[in-house]
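One structure below.
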Amino acid sequence: MPTISGGIHLALSAILAHSHAMEITEHNVANANTPGYRRQSVVYSASTATASMFMEGGPLAGQRGTGVSIDRIDRFNLQFFDGRYRAVSADAYQSVAQRDVLKQLEATLAETSENGLIPTMDQFWSSWSNLAADPTNLALRAQVLDYGKDVADAFNRRSTQIRQLQSDQDLAIKDSADQINQMATEIANLNAEISHVLSVGDQPNDLLDKRDLLLDQLAQLSGAVSSEQANGEVMVSINGHALVVGHDTFKVKTVQEAPNNFSSIRWEIDDVQLNPPSGTLKGLFTARDTVAENQLTGLNTLVSSLISEVNTVHTSGYDMNGAAGLPFFTGTTAGSISVNSALQPANLAAASVAGEPGNSLNASKLADLKLAKPAALGATMGEYYNAQVTSLGITLQSATQNATHQNLVAKALSDQRESVAGVNLNEEAANMLKYQRAFQAASRVLNAYDEMLDRIINGMGLGGR
Amino acid sequence: MRITQLMMTNGAIQHMADNQEMMHKLQERIATGKNFASASDDPVNASISLGLRSSLKNIQNYLDTNEQVADWMNASEFSLEKLEEVSNKAQNLILRGLNDSLSGAERKNALAPDMRELLQQALEFANMKHNDQFLFAGVYTSTQPFVLDESGAAPTIVYQPRNLALPTAPPPGINRAIQRTIAPNQTISINVMGESVLKDFLQGLSDAQQALLADDRTALQNSLTAVKLGLVKMDEARTSNGARLRQVQSVGDYLEKSQIEAKSLLSQKEDTNMAEAVMMLKGQETTYQAVLQVSQRAISSTSLFDLLR
């Protein structure tokens, strides 16, 4: 039997449901710019109907509606996009990290400027050639020593700077390991909360947003992948090794490794080395261990050829006093090369025969080393270093292009995800209007009931007075 | 596709940033006048330009050497020319001395001092220095080559240069040549062999003076032969010196030509084509303005919220 109070409840359910929907709209608008936020929407359903009986009508007259109730609050999300987006953006982050480090490396080497290593070496060879034209000139001799020092300094500086760059990346890698642990802990905590909320039948929408954002960041950092389980928890792994399982985390640690004391990342539980498949970390590892290291190795190869070639020729000549030449360079690597401190300008071995001041054949020979092709290099020293610089340039160029392209792909996927899950203010405005109007209508109905009650209580005859 | 506010804003920012980056690159190209600032901008051309720079430096070295070598050889030529003049004067003097009409006293008092004077001049030119190095001392450029030793009965010309490292050893039989590299794998001797070309001539002058003093016409006749032979040798030396100088000059010409070629190639590889770059910047500017306009509208366009009462 319809009751007035039943009608009031019906109107009330509509008022409550729509004011709740207004809140959801407000929540969406408020989070229009929150990273990782997925828009939510209210799913209404008519509440359980009751059978009509008694005076309303005979049996089978139909059921009587009891108003509206909120079924659930939906969260717009496409899991397929998440996985794809994470994989692509991990690749993009790897290229970006690599590009940034390589850019620094290239700037450090500054080969295309006047301070490049090739111009510096050329100057050294030139000074020998100048000396060859005027072998008794002490000023020219002093110049050879100065330019020799410039060459040694140039190698020293590059070696130091590459090492510095490597240790900067090393620090970043150590930080990343801490970040991985921290994010793993947060994800495990969120797992616990989410499965708890789900188990009582609720939708933990905002917790899911938070966890998805963390998973995005973790993928971008380390190329981690995740899979959701039936209870709503995610399992996270990096390169096949579990990081988060349910409420548990498997942490990583950093270990200093020989020979350079750079850090590697290892799993605490089994001491196996973590090789990130993609992400910023992979970029950092590649830049530190492959590209920078190759440049340094190349420099060292070049330096050892330079030292042995120059010293061989220099010791075969004779100085201004007729004494045999001393080794010109000392040291063995780019870091340790220096001009023999015992050398004075008069000690430069320009002559090929002892006691011939006008003889400069040995200086010519030293100048000609510029065009010599040491067996260890297979090219002249200039060409060898030129090839090194060019290969770094090509690596950087392709890293830059990869970064651009992968960012475009990641952006396209992110746009697609955003297209589904993002907040559109026009839509929210329209929804707001929709809910507002429904709320107003329900209030109007409530008003009508009020008047009906008024009629019943105050206006129905005067018999009882 | 459903478009959200975030997509609009991010897109606008992205497009503005992309355009700015392109403008920045063009600005850099125009401001520096170079097509690339670092190897990664254009690895292939950067590699070529590094190589070209290096060979340009090389060419410059050879050109510098070339200049110095030419200077040295011109100085030798000048000295030899002067020595030939002395030789001609000396021959005239000797011929006059051989004249029967002259008395012994005249030879001794008039001609011998003149000859002495000529000998001094000849010694001066034979000991000429270029850039503080003796021209005719072979590789022993710090030693004065010719000295008149008057300690004995007959004055002799001593050729002094010897290996400094072996002071007691006798000087080598021949003058050692000074070698200079004027082009890749091209080495030439730049000096005139002082001992073989000049020593006998100088000795001849000295002998002539002694003969004039002693009024010894046979000896005077002999000295004439020596002086004449000296002239022939000097002529030969000048010819050879001139031939080598021409070689140096032609190498220099070749080097200069390749320098110009390498420079223009380098400029082609790395210098900005200004007209092109400025036009591109102009075009980019127009695009950028348009992007700014569009972005401004996209970001600030009214949403439904603004229009609701």
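Figure legend. Inter-residue proximity from region B:1-26: first residues within 10 Å of chain A (Cβ to nearest Cβ), second residues crowded, with 18+ Cβ neighbours inside 10 Å and small (Gly, Ala, Ser), beta-carbon distance below 7 Å, spacing 6+ or different chains. Indicated pairs: B:THR4/A:GLY422; B:LEU6/A:GLY422; B:MET7/A:GLY422.
One residue is enough: does region B:125-141 have a residue meeting the conditions over 21 Å from the mean Cα position of the chain (by Cα) and part of a helix (DSSP H, G or I)? Yes; the residues of region B:125-141 include at least one that is over 21 Å from the mean Cα position of the chain (by Cα) and part of a helix (DSSP H, G or I). When residues in region A:115-129 are screened for being surrounded by fewer than 24 Cβ atoms within 10 Å (Cβ to Cβ), without any contact (Cβ under 8 Å) to a residue 60 or more places away in the chain and part of a helix (DSSP H, G or I), 3 of them pass.
For the structure I just gave you, tell me whether B:ALA31 is surrounded by fewer than 19 Cβ atoms within 10 Å (Cβ to Cβ), at pLDDT 85 or above and of a type in the set (Gly, Ala, Ser). So B:ALA31 passes the test. When we screen A:LEU140, A:LEU171 for residues that are without any contact (Cβ under 8 Å) to a residue 60 or more places away in the chain, in a helix (DSSP H, G or I) and farther than 30 Å from A:MET121 by Cβ, the only hit is A:LEU171.
Scan region A:288-302 for residues that are crowded, with 20+ Cβ neighbours inside 10 Å and out of contact with any Ser or Thr (no Cβ under 8 Å at 6 or more places or on another chain) and the total you get is 4.
Under the condition of being over 51 Å from the mean Cα position of the chain (by Cα) and more than 7 Å from every other protein chain (Cβ to nearest Cβ), the residues counted in region A:361-372 number 3.
Taken over region B:184-201, the criterion of being within 11 Å of another protein chain (Cβ to nearest Cβ) and open to solvent by less than 20 Å² (accessible area, probe 1.4 Å) is satisfied by B:ILE190, B:ASN191.
Among all residues of region A:218-238, there is none that is over 30 Å from A:ASN205 (Cβ atoms), open to solvent by 50 Å² or more (accessible area, probe 1.4 Å) and touching a residue at least 12 places away in the same chain (Cβ under 8 Å). Quick one: would you say A:THR400 is part of a helix (DSSP H, G or I) and either more than 9 Å from chain B (Cβ to nearest Cβ) or buried (at least 21 other Cβ atoms within 10 Å of the Cβ) (or both)? No, not satisfied. State whether the residues of region B:170-177 include one that is modelled with pLDDT of 90 or more, touching a Ser or Thr at 6+ places or on another chain (Cβ under 8 Å) and closer than 28 Å to B:THR239 by Cα. The answer is no, given that none of the residues of region B:170-177 is modelled with pLDDT of 90 or more, touching a Ser or Thr at 6+ places or on another chain (Cβ under 8 Å) and closer than 28 Å to B:THR239 by Cα. Within region A:257-287, the set of residues being closer than 19 Å to A:ILE162 by Cβ and open to solvent by 10 Å² or more (accessible area, probe 1.4 Å) comprises A:GLU257, A:ALA258, A:PRO259, A:ASN260, A:ASN261, A:PHE262, A:LEU284, A:PHE285, A:THR286.
Assess whether A:GLU428 counts as being acidic (Asp, Glu), at pLDDT 90 or above and either surrounded by 14 or more Cβ atoms within 10 Å (Cβ to Cβ) or not in a helix (DSSP H, G or I) (or both). Taking the combined requirement at face value, the residue satisfies it. When residues of region A:312-335 are filtered for being of a type in the set (Gly, Ala, Ser) and surrounded by fewer than 16 Cβ atoms within 10 Å (Cβ to Cβ), how many remain? Summing the residues that are of a type in the set (Gly, Ala, Ser) and surrounded by fewer than 16 Cβ atoms within 10 Å (Cβ to Cβ) in region A:312-335 gives 3.
Residue count for region A:404-415, restricted to those that are at the interface with another protein chain (Cβ under 9 Å from one of its Cβ atoms) and surrounded by fewer than 17 Cβ atoms within 10 Å (Cβ to Cβ): 0. Of the residues B:ALA122, B:ALA137, B:ALA154, the single one that is more than 14 Å from chain A (Cβ to nearest Cβ) and buried (at least 18 other Cβ atoms within 10 Å of the Cβ) is B:ALA122. Scanning region A:92-114 for residues that are modelled with pLDDT of 90 or more and either open to solvent by 60 Å² or more (accessible area, probe 1.4 Å) or out of contact with any helix residue (DSSP H, G or I) (no Cβ under 7 Å at 6 or more places or on another chain) (or both) yields A:TYR93, A:ASP100, A:LYS103, A:GLN104. Scan region A:66-99 for residues that are small (Gly, Ala, Ser) and under 19 Å from the mean Cα position of the chain (by Cα) and jot them down. Listed by number, the residues that qualify are A:GLY83, A:ALA87, A:SER89, A:ALA90, A:ALA92, A:SER95, A:ALA97.
Scanning region B:216-244 for residues that are open to solvent by 80 Å² or more (accessible area, probe 1.4 Å) and under 11 Å from B:LEU80 (Cα atoms) yields a count of 2. So which residues in region A:373-382 are surrounded by 17 or more Cβ atoms within 10 Å (Cβ to Cβ) and either polar (S, T, N, Q) or more than 7 Å from chain B (Cβ to nearest Cβ) (or both)? Within region A:373-382, A:PRO374, A:LEU377, A:THR380, A:MET381 meet the criteria. Whether a residue is touching a residue at least 24 places away in the same chain (Cβ under 8 Å), of a type in the set (S, T, N, Q) and within 14 Å of chain B (Cβ to nearest Cβ) was assessed, and A:ASN28 passes this test. Taken together, the criteria exclude A:ARG39 from residues that are in contact (Cβ under 8 Å) with a residue 24 or more places away in the chain, within 30 Å of A:ALA399 (Cα to Cα) and open to solvent by less than 40 Å² (accessible area, probe 1.4 Å). Taken as a whole, the structure places B:THR302 among residues that are exposed (fewer than 15 other Cβ atoms within 10 Å of the Cβ) and hydroxyl-bearing (Ser, Thr, Tyr). Applying the condition of being in contact with a helix residue (DSSP H, G or I) (Cβ under 6 Å, 6 or more places away or on another chain) and not polar (S, T, N, Q) to region A:78-91 and asking which residue is least open to solvent (accessible area, probe 1.4 Å) yields A:ALA90. Among the residues making up region A:96-110, those that are in contact (Cβ under 8 Å) with a residue 12 or more places away in the chain and in contact with a Ser or Thr (Cβ under 8 Å, 6 or more places away or on another chain) are A:VAL96, A:ALA97, A:GLN98, A:ARG99, A:LEU102, A:LYS103, A:GLU106. When the residues of region B:100-129 are narrowed to those that are in contact with a helix residue (DSSP H, G or I) (Cβ under 7 Å, 6 or more places away or on another chain) and not aliphatic (A, V, I, L, M), which ends up farthest from B:LEU220 (Cα to Cα)? Across region B:100-129, the extreme among qualifying residues is B:PHE125. The residues of region A:383-397 that are within 7 Å of chain B (Cβ to nearest Cβ) and either of a type in the set (Gly, Ala, Ser) or assigned to a loop (DSSP other than H, G, I, E, B) (or both) amount to a single one, A:GLY393. Of everything in region B:38-78 that is more than 7 Å from every other protein chain (Cβ to nearest Cβ), free of Cβ contacts under 8 Å to residues at least 60 places away in the same chain and not charged (D, E, K, R), the residue that is farthest from A:GLN123 (Cα to Cα) is B:PHE78.
The values are calculated or read from the model by the stated rules, or taken from the named source; none is laboratory data. As the structure is a prediction and not an experimental result, all values here were calculated from the model. All Cβ positions, even for glycine, are placed from backbone atoms using ideal geometry, and neighbour counts span all protein chains on display. Note: areas computed on protein heavy atoms with side chains; ligands, DNA, RNA excluded. Shrake-Rupley method; radii C 1.70, N 1.55, O 1.52, S 1.80 Å.
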